[in-house]
Amino acid sequence: MPRKQRWEEILSMLRDRILSGQLKPGQEFPTNMELAREFDAYPGTIHAAVKALIQEGLVLSHGRGKQRRIVRPIPERSSRRGGFLTEFGERATLEVLAITTLHTADQLPENARKLMKPPALRYYTRQWRDNVPVAVSDSYLPGTLPIQTLSEVLADPARDLYTVLESLGHEPNTCEETLIARMPTPTEAHMLHLPAGTNIPVVKIKRFVFDSNGELLEFCLLIDRADCYEFVYRFPFRN
């Protein structure tokens, strides 16, 4: 059996530290300079080892502006009740990427065309938890809602969609979701700040939200990082 290269030996030791808990989830990962001094190794050797850890999803680059690296956080349970800001509180921030009024059916996703007609409102956001981008949400709201008011109110990233709907007299009652786990597309990897060639999967979620009368309030396409979420559902066996 061929002997491991130096970067592979360092990779193995760092991986063991993470998996054993010696390097704790969420803590800042050592810099390449610190690791080079510790292992008495060339910068290129350390770079290769750390790059492999990032591709395995054991180390994450996060933060806006200057990038920092952290040890992989433990996936957190999501009950899928309420909006993102409501669920994670002060740890959550919302980045509004686009709010657009759609006037033609071809601007709507195919699945949304079956349940709504234009005009409709597209509400496109990126969700950050503890300064890590964990999801991208692409919502479509039907013209039966006051979309001009929603467009103005939701421009504030501190406003939660479902709380806003309730305040306007449109209370969400039922949520139906379909989940598929897969590897991210290049666009999705870019939006979630995943490294090139990443081995981190995502969960694609198709969500329909209805009021108590069965009227559609939202059609949403979500892309969530699978290493950041553990989805939990509870339901009765009998109606």
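The values are calculated or read from the model by the stated rules, or taken from the named source; none is laboratory data. In this text, all values refer to a predicted model and were calculated from it rather than measured experimentally. Quick reminder, even Gly has a Cβ in these numbers, built from the backbone with ideal geometry, and neighbours come from all protein chains shown. For the accessible areas, the whole protein counts, side chains as well, though only heavy atoms, and no ligand, DNA or RNA atoms are used. Shrake-Rupley method; radii C 1.70, N 1.55, O 1.52, S 1.80 Å.
Summary table
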quantity: Condition met for Ile18 (hydrophobic (A, V, I, L, M, F, W, C) and either open to solvent by 30 Å² or more (accessible area, probe 1.4 Å) or under 16 Å from Arg129 (Cα atoms) (or both)); calculated: no
quantity: Test result for Ser151, without any contact (Cβ under 8 Å) to a residue 24 or more places away in the chain and open to solvent by 20 Å² or more (accessible area, probe 1.4 Å); calculated: no
quantity: Residue check, Thr187 of a type in the set (Ser, Thr, Tyr), farther than 30 Å from His47 by Cα and either surrounded by fewer than 12 Cβ atoms within 10 Å (Cβ to Cβ) or touching a residue at least 24 places away in the same chain (Cβ under 8 Å) (or both); calculated: no
quantity: Residue list for region 24-52, restricted to those being closer than 26 Å to Thr93 by Cβ and either at pLDDT 90 or above or surrounded by 14 or more Cβ atoms within 10 Å (Cβ to Cβ) (or both); calculated: Phe29, Thr31
quantity: Evaluation of Val164 against (1) assigned to a strand (DSSP E or B); (2) closer than 15 Å to Gly82 by Cβ; (3) in contact with a helix residue (DSSP H, G or I) (Cβ under 6 Å, 6 or more places away or on another chain) (one fails), failing number; calculated: (1)
quantity: Flag for Arg122 being of a type in the set (Lys, Arg), surrounded by 17 or more Cβ atoms within 10 Å (Cβ to Cβ) and over 30 Å from Arg69 (Cα atoms); calculated: yes
quantity: Which listed residue is farther than 12 Å from Leu217 by Cα, touching an Asp or Glu at 6+ places or on another chain (Cβ under 9 Å) and part of a loop (DSSP other than H, G, I, E, B), from Pro172, Pro157, Pro184; calculated: Pro157
quantity: Among residues of region 158-178, those that are in contact with a strand residue (DSSP E or B) (Cβ under 9 Å, 6 or more places away or on another chain) and β-branched (Val, Ile, Thr), counted; calculated: 2
